[in-house]
Every structure is written in structure tokens, then in C-alpha cells.
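Data first, discussion second: the structure below is written as C-alpha cells.
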Amino acid sequence: MRKRRRRFLQLAAAVAVLAAAPHPASSQAAYPTRPVRFIVGQAAGSSSDITARLIAQWLSERLHQQFVVEARPGAGGNIATEAVVRSPPDGYTLLLVNAQNTINAALYEQLSFDFLRDIAPVTPAFPAKSVPEFIAYAKANPGKINMASAGIGGPQHVAGELFKFMAGVDMTHVPYRGTTPAVTDLLAGQVQVMFDVTPTAIPQITAGKLRPLAVTTAERLAALPQLPTIGKFLKGYEASAWIGIGVPKGTPADIVATLNREVNAAIVDSTIKHRLDELGAMVVSPTSPTEFASFIAEDAAKWAKVIKSAGIKPQ
């Protein structure tokens, strides 16, 4: 299982579009026979929303029913998750799951649902020009570097906290209400560093407005082949804003199998893969619902340690 785990953790600010863990029941009738809701906990136009729409179009064409993407942002994705948890386990309500879900499992002490139980997993004007230079500068200037993120407890925040812990540096976290205002202040020099997702970072990097130092994934990204991984300098460092699909626990096994088969076909389709490459996504090889469930559990345990160590509390 260790080899599979290493491959999963290479996801990236990228995409692992998989389906859910099976249930022994059967749906009997052909699936789907009516439109399917595909709920996303992030705003329209976000990388999660873009990915969901790519997959929804693919599923609509392959399964001859509309898969309708519905954005329900708010509360760090908990609003969307609860909507799916409360839906009938019949395959007609899907959830775009991502790293925020596993972070929330440890971040929020009181939720009306248990994600792991209830969802079936179907760089600025700055002197440093490399990760070693950045670490040296941060150590020489403790607390003087402002680190932006899209909000407390989000993937960008915890990726930065993991870096701080492993590098032994002190940076001041500056949370924003979303990625756009964070990047705006980064470009203006109000903050000095950000662990951003590739879809929003790449245009600024290409335009020469941001200086990238490294990628947080376990391997280099095809969209930014010139950049080393942080793990090259901090052994074992890896942080991935992955994306997948989940359904309410108890969804019939044959529906889960259908979704798993079709989504796995989508991520190896040349057109979709090219579009995801443009977004800076790293697509994992097709895998099973059981493997995806194991990855989710491991990811939740990893971020629980970071959240506890950093003392992160939701606001």
C-alpha cells in the first residue's frame, strides 16, 4: 500500500478525480435516469469549479443525462458537504471533494456530519531566488515575512504551516477572504510569500509578476517544469490541493462503480488531460474507490498533526 500512497501524494495543486467507496446494495434500474446534481463547495470560476465542469460535461455525454454543477461556497466547503450528506444515497447528488475536506475533519470540532464517515470517497519582489535562500532569509528575519493565504485553515495556510515547521522558520500568517485579494496584496508587496494553487499562480508567473521558487508536490509539474520541488530541499515535504468526487454513504455499489469507471476514463482522455495540464494539474493514474478512501484517511491524519502543532482554529 505504501507505493500507492506515494503515488497519491503526487497529486498537486492539481487533480485526483476519483469516485466513491462501494456499498453492497444495488440500484437495480439503469443509472442515471434523471439529471444529477454535482455540488462544489468553492466559488464559480475557481479551480475546483473548472474541474467539476470538465468532468460534468464528460459524464453528461457518456451517460446521456445532465450532470449539473451547483456552486455552494461558504464555511470552508462545509455547506456543500452537509448538503450532500443530507441527500438520499441514490447517486443523484455528487460532491467535489478536495484537500479542504480532510483539513476540516480536524479543524472543526463541532460539525453536524463526519466527513470520513458520511461521505463515500468515489512570489514577489523579495531577495530570495531559491528555497534555500528563502529559508536562510526567513531564519535571519524571524516574524518579518508576511505569508498570505485565502483563509484560516485552508490548503494554502496549512501548506505554509507545514513549511514553517519543517524548515524551522517563523513567518506571520495573513489570512484573506479568498485567493484574489491575497494575490492582489502579494503583487503589491503588502505580503511577501504565498503557497498558491497553480491555476491562479501560473498566469502571474508567465507575465513575470510573481517569482516562483518551487512546487509543493512530490514531483515536478509539467506546467512549470523549470521549478524544483520543495521536497528537494526539505526531505518529505509535500502538500497537494487535490480534487476528487464523493457521494453520500450508502450509495449503491453499481452506481459507484459506474461513476468510478467513467471518471477514470475522463482523466486519461487527451482533451481533458490537456486542459488540466494547462491549469497546472497533475492527474493520478486511474484507481479504485477503496484506494481513494485510504488516501483520504491518510491525508486527514497528516493535516490533523499540522493543525494541532500550529494551533489553528477556525474563525
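The values are calculated or read from the model by the stated rules, or taken from the named source; none is laboratory data. Everything quoted here is computed from the prediction, not taken from an experiment. Cβ sites come from the backbone with ideal geometry, for glycine too, and all protein chains shown count toward neighbours.
Six or more apart or on different chains, Cβ atoms under 9 Å: show the pairs whose first residue is in the stretch 59-70 and farther than 19 Å from residue 41 by Cα and whose second is of a type in the set (Phe, Trp, Tyr) and modelled with pLDDT of 95 or more.
Matching pairs, first to second residue: 59/38; 59/67; 60/67.
Determine which single condition residue 99 fails, assuming it passes every other condition in (1) modelled with pLDDT of 90 or more; (2) of a type outside the set (S, T, N, Q); (3) touching a Ser or Thr at 6+ places or on another chain (Cβ under 7 Å); (4) assigned by TED's automatic domain parsing to the domain that holds residue 283.
Unmet condition: (1).
What's the number of the condition residue 80 fails, among (1) crowded, with 22+ Cβ neighbours inside 10 Å; (2) touching a helix residue (DSSP H, G or I) at 6+ places or on another chain (Cβ under 9 Å)?
Condition not satisfied by residue 80: (2).
Just wondering, is there one or more residues in the stretch 209-230 that are in contact with a Lys or Arg (Cβ under 8 Å, 6 or more places away or on another chain), among the basic types (Lys, Arg) and not assigned by TED's automatic domain parsing to the domain that holds residue 77?
Within the stretch 209-230, one or more residues are in contact with a Lys or Arg (Cβ under 8 Å, 6 or more places away or on another chain), among the basic types (Lys, Arg) and not assigned by TED's automatic domain parsing to the domain that holds residue 77.
For the condition more than 28 Å from residue 188 (Cβ to Cβ), of a type outside the set (D, E, K, R) and in contact with a strand residue (DSSP E or B) (Cβ under 6 Å, 6 or more places away or on another chain), what is the one hit in 247, 256? Walk me through how you get there before you give the answer.
On the way: 256 fails: in contact with a strand residue (DSSP E or B) (Cβ under 6 Å, 6 or more places away or on another chain).
Unique residue meeting the criteria: 247.
Which pairs have Cβ atoms under 9 Å, sit 6 or more apart or on different chains, and link a residue in the stretch 228-244 that is more than 27 Å from residue 55 (Cβ to Cβ) to one that is part of a helix (DSSP H, G or I) and not hydrophobic (A, V, I, L, M, F, W, C)?
Once the first residue is more than 27 Å from residue 55 (Cβ to Cβ) and sits in the stretch 228-244, its partners that are part of a helix (DSSP H, G or I) and not hydrophobic (A, V, I, L, M, F, W, C) give 233/132; 237/231.
In this structure, does residue 126 turn out to be among the aromatic types (Phe, Trp, Tyr) and either at pLDDT 90 or above or closer than 18 Å to residue 73 by Cβ (or both)?
no
How many residues does the stretch 186-209 contain that are more than 20 Å from the chain's Cα centre (by Cα), buried (at least 21 other Cβ atoms within 10 Å of the Cβ) and assigned to a loop (DSSP other than H, G, I, E, B)?
Matching residues across the stretch 186-209 total 2.
Has the stretch 145-168 got at least one residue that is outside the structural domain of residue 48 (by TED's automatic domain parsing), among the small types (Gly, Ala, Ser), assigned to a strand (DSSP E or B) and over 16 Å from the mean Cα position of the chain (by Cα)?
yes
Among the residues of the stretch 299-308, write down those that are touching a helix residue (DSSP H, G or I) at 6+ places or on another chain (Cβ under 6 Å) and not aromatic (Phe, Trp, Tyr).
299, 300, 304, 306, 307, listed by residue number.
Would you check which residues across the stretch 238-266 are under 13 Å from residue 289 (Cβ atoms) and outside any helix (DSSP H, G or I) and list them?
Scanning the stretch 238-266 gives 244, 245, 246, 247, 249, 251, 252.
When you go through 60, 87, 26 one by one, which is the residue that is more than 26 Å from residue 222 (Cβ to Cβ), at pLDDT below 90 and surrounded by fewer than 22 Cβ atoms within 10 Å (Cβ to Cβ)?
Every option except 26 fails the conditions.
Cβ-Cβ distance below 6 Å, separation of 6 or more or different chains: which pairs start in the stretch 291-315 with a residue that is farther than 28 Å from residue 172 by Cβ and end on one that is of a type in the set (Gly, Ala, Ser) and surrounded by 19 or more Cβ atoms within 10 Å (Cβ to Cβ)?
Listed by first residue and then by second, the contacts come to 293/21.
Go through 227, 221 for me and flag whichever is under 30 Å from residue 289 (Cα atoms) and assigned to a loop (DSSP other than H, G, I, E, B). Give the derivation first.
Numbers: 227 fails: under 30 Å from residue 289 (Cα atoms).
Just one listed residue meets the conditions, 221.
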